[in-house]
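Report on the structure given below.
The values are calculated or read from the model by the stated rules, or taken from the named source; none is laboratory data. Fair warning: this is a prediction, and the values are worked out from it, not measured in the lab. Quick reminder, even Gly has a Cβ in these numbers, built from the backbone with ideal geometry, and neighbours come from all protein chains shown. These area figures cover heavy atoms from the full protein model, side chains too; ligands, DNA and RNA do not enter into them. Shrake-Rupley method; radii C 1.70, N 1.55, O 1.52, S 1.80 Å.
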Amino acid sequence: MSTVMPAQQNPLLKEYLDILLRRRWWIIVPAVVGVLCSIALFFWSDKLYRARTRVQIRPQTISRNLLSPIVEIDSTDLVTTITAEITSEKYVQEVEDELHLIGTPGGPKNLEDLAKRLDRRISLVPNKKNNYFDLSVTWEDPRIAASIANELAAIYIRRNAEIRQRMAEETLGKLRENREQIERQLYDIRARIHKFRSEHKFELESYQKTNQDILQNNRVEIERIDAQIRDFKDKIRDLELQLEVPPAKPDAVADPRVARLREARRRREELLGSGYKEAHPSVAALTREIARLERELGLAPGEEPAVPEGESLQLQQIANEKARLQREIAVLEKKREQLVAENEEIERRLERTPDFQIQLDKLLHIEEALQEQYQEARAKELDAEEGAAVEEFKQGERFEILNMARPPSEPFWPDLKLFIFMGLAVGGGVGIGLVLLLEVFDQSFKSEEQLAAAIDLPILAVIPDLERAAERRRTRRTVTRAAG
């Protein structure tokens, strides 16, 4: 069984292979030239070295079950934040003070140039899974590259501690300010409650039972006073009947000053019994009148005048008793008026109690809510103080150098293999382009198939090209081996 070669199955592929074999030097020569040029470019290009420092993200030292961290920030985000700051003037100056790069051969000219170089030549690759990040620096000098990488890693570590401590202090300050604000509000509401209770003590429910008891006691007392007043009035009517005696003898002439003295003393006693003071104008006027009459009658202060002729001692005693009862009635009526006024005020208090109690309940509800807020704010503040202490003593999450950068022995750029591949690709591409151009502009027939396709007539005989025939045989053998 005969084997059909791939070239015979695909005439177009055979034609392309013929072209490549016929024009092979147009491809090989540019490819070799491209490789040589890339090698020359490799040796001519400046060498760049890459040094890498690996920084580990260490978790909080103290158990989170005991102390929760106060700084709630992802370490990767923190690394990104520090990276944005790393080329600022402050940290570029720190790198320059440590390494003295400005003015070195091929080095930066000033801080701005150094910042631009660092911005282009710093590479940061975080690894969240294993909690570390690689800080790579590319530089012309391998020792400088390693020094910059280590110095920047130290800045990352220091800056991380500063940011975490600052955030802890800011958080603590905000929580303390919030607690103090709530504490002031709580103090104000308690002062309002105390003032409200002081001003409306008798209108609140806590005093309602007392008000009702006082109201009932006053009513009982009023009834007792009314009964006592009625009893005294009955006695006075009896005494008035006893005082109705026969008129005095015609020759008995009573001194009218005696009657005025007794009347003045009686009125003075009534006023004093009603609660008037000695300094009251009415009492003082009666006191002066009594003193004047006593002088005119030749009596000592408080001395009773002699009983006039025709008036018995018994009648005088009855009159005195009547006056006493009248004074008692005046005192009781005064007390009754006070009790009635007090009862009216208590009833008004009881009517106002529901409204004032609602106001007090609102204030107490606000106080309770503020008290809960204060306790919560205080608890957060205490947690923040402990968290801030953790950050202050460097016990929180922090960065540590896992592997320090060392001067690399091989340059990172240029890469010889990459340059050779690029030269080969460019040279080969140029060669293939030349071959395509030559084939486009070459209109001669290269095979009997092209001739048959062009003239559309049968070909009766072909004069073989011995050299090309031998070449085609070699090609077929090569293709057959490749296919087998």
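Using only the alpha carbon atoms of region 340-442, find the Kirkwood hydrodynamic radius as the inverse mean reciprocal pair distance, in angstroms to one decimal.
Kirkwood radius, region 340-442: 24.4 Å.
Just to verify a number: FRET efficiency for residue 157 and residue 379, C-beta to C-beta distance, R0 = 30 Å, to 0.05?
For R0 = 30 Å, the calculated efficiency reads 0.40.
For residue 76 paired with residue 424, estimate the spin-label separation in nm (one decimal), with each label point 7 Å from Cα along the Cα-to-Cβ line.
Inter-label distance under the simple model: 3.8 nm.
Set Lys and Arg Cβ to +1 and Asp and Glu Cβ to -1, take the dipole of region 167-248 about its Cα centre, and tell me which of 225, 182, 167 lies farthest positive.
Farthest towards the positive pole: 167.
What is the percent carbon and sulfur in the accessible area of region 98-193, measuring with a 1.4 Å probe over the protein chains and ignoring ligands?
Its accessible area is 46 percent carbon and sulfur atoms.
FRET efficiency for residue 441 and residue 413, Cβ-Cβ distance as r, R0 = 56 Å, nearest 0.05?
My answer for the efficiency is 0.85.
With point charges of +1 on the Cβ of Lys and Arg and -1 on the Cβ of Asp and Glu, referenced to the Cα centre of region 337-445, which listed residue (399, 420, 359) lies farthest in the positive direction of the dipole?
Checked the options; the winner is 420.
Using Cα positions and a limit of under 22 Å, work out the lysines in reach of residue 116, with same-chain residues fewer than 8 apart set aside.
47, 90
With label points built 7 Å along Cα→Cβ from the Cα atoms of residue 345 and residue 259, find their separation and express it in nm.
Computed distance between label sites residue 345 and residue 259 equals 4.4 nm.
Suppose R0 equals 60 Å; then what is the FRET efficiency for residue 386 and residue 209 from their Cβ-Cβ distance, rounded to the nearest 0.05?
0.75
What lysines does residue 195 reach when the alpha-carbon gap must be under 16 Å and sequence neighbours fewer than 8 apart in one chain are set aside?
Of all the lysines, those that pass the test against residue 195 - Cα under 16 Å, at least 8 places apart if same chain - are 362.
Please give every one of the lysines within straight-line cross-link reach of residue 322, meaning a C-alpha to C-alpha distance under 26 Å, and leave out same-chain neighbours fewer than 8 residues apart.
Counting by Cα, and skipping residues close in sequence, residue 322 has these lysines nearby: 233, 235, 249, 277, 334, 335.
What does a probe at residue 352 reach in region 197-237, counting residues whose amide N is under 11 Å from the point 7 Å along Cα→Cβ?
Counting backbone N atoms under 11 Å from the label point, the list is 199-204.
Pop a pseudo-label 7 angstrom from the Cα along the beta-carbon direction at both residue 219 and residue 177 and give the gap in nm to one decimal.
Calculated label separation equals 6.1 nm.
Explain nothing, just the number: dipole magnitude of region 136-226 about its Cα centre with +1 on each Lys and Arg Cβ and -1 on each Asp and Glu Cβ, in debye rounded to the nearest 20.
That gives a dipole near 140 debye.
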